1. If you take the residues in the stretch 23-44 that are of a type outside the set (Asp, Glu) and more than 17 Å from residue 92 (Cα to Cα), which one is surrounded by the fewest Cβ atoms within 10 Å (Cβ to Cβ)?
2. Look at residue 235 and say whether it is hydroxyl-bearing (Ser, Thr, Tyr), touching a Lys or Arg at 6+ places or on another chain (Cβ under 9 Å) and exposed (fewer than 13 other Cβ atoms within 10 Å of the Cβ).
3. Specify the residue that is farthest from residue 246 (Cα to Cα); the eligible residues are those in the stretch 196-205 that are buried (at least 16 other Cβ atoms within 10 Å of the Cβ) and under 28 Å from the mean Cα position of the chain (by Cα).
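No value in this document is a laboratory result; all are computed from the given coordinates. Bear in mind the structure is a predicted one, so any value in this text is a computation, not a measurement. Every residue, glycine among them, receives a Cβ derived from its backbone with ideal geometry; neighbour counts consider all protein chains shown.
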Amino acid sequence: MRLVFERGSEQRPKGHALMYFRDPDDQRILATYVVIPPIAIDFGKYLPPMFAGQGMAANLAQASSIVPLPPVPEAVPAVSGLEVLASQRDDDLVYAGEASAGQVEQLITYTSEAAQLYFHMYQDFARTFPETPSPSEPERIAGPSAEELTFVLMGERERLAELSKLAGVLRYALDGNDQRLVQETQEQMRLLAKHLPAKYWPERILESAGAPGAAAAQLSELYLERCYKLLEEDYSAVAQLDERINQAIGG
């Protein structure tokens, strides 16, 4: 396959291109838009932990390097319209050869191959970019973990459900004297607590769930029950639970 740059240069690809094929059956123009993200995307950070180890992150990372949109080129009225768009948007305009709209699988394959070729051309050009100095260690800012991003993307009810689950795991770890699991679960709960409003008293839940004994376990359950009543805006039930909590603390 050979890419013909009708606008732009194969020695200096812009990283974004209108790319088109010509259908040999009816001379229709089939176009797509290829984008190479200027910033690397680590999709593993955005996947729930249960999927992160299944190769999905690697597949998404590879797919994110080149993004033809749409993945199956669509018919457009004429090349002249693409020329205007490319000029106004300062895109490359690339002719990728002939492909039949009636052979969808082949069209997808050709589009993927053309996008890959454009990507490699861009990579070759990018190697000539001036090197940017790396920040010194104190200036490096660690991004959020995959686990924290999962909590961020959850709704409030989902966060409470996760908090309840973790509280149960913590009680189980305490009863079994599994210190490693206790520490890991407490870290997860602290991370989750950062994304819960203060009205749910997450710090109190952390404290009671991590304390040994039946009284602490009962207090933890009361706190969690109170969370759900707050979520449902059942304030009379919240008031009753507050009384029971005060009695449990004072008892």
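1. We begin by selecting, within the stretch 23-44, every residue of a type outside the set (Asp, Glu); these are 24, 27-41, 43-44.
If we keep only those that are more than 17 Å from residue 92 (Cα to Cα) as well, we get 24, 27-28, 39-41, 43-44.
Working: 24: 11, 27: 8, 28: 19, 39: 4, 40: 8, 41: 14, 43: 17, 44: 17.
For the stretch 23-44, the residue satisfying everything is 39.
2. On the way: hydroxyl-bearing (Ser, Thr, Tyr): yes; touching a Lys or Arg at 6+ places or on another chain (Cβ under 9 Å): yes; exposed (fewer than 13 other Cβ atoms within 10 Å of the Cβ): yes.
Yes; evaluated as a whole, the condition is true for this residue.
3. Among those that are buried (at least 16 other Cβ atoms within 10 Å of the Cβ) and under 28 Å from the mean Cα position of the chain (by Cα), it is 196.
Residues checked against (1) surrounded by 13 or more Cβ atoms within 10 Å (Cβ to Cβ); (2) part of a helix (DSSP H, G or I); (3) within 31 Å of the chain's Cα centre (by Cα):
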site: 148; (1), (2), (3): yes, yes, yes
site: 157; (1), (2), (3): no, yes, yes
site: 182; (1), (2), (3): yes, yes, yes
site: 187; (1), (2), (3): no, yes, yes
site: 224; (1), (2), (3): yes, yes, yes
site: 239; (1), (2), (3): no, yes, no
site: 243; (1), (2), (3): no, yes, no
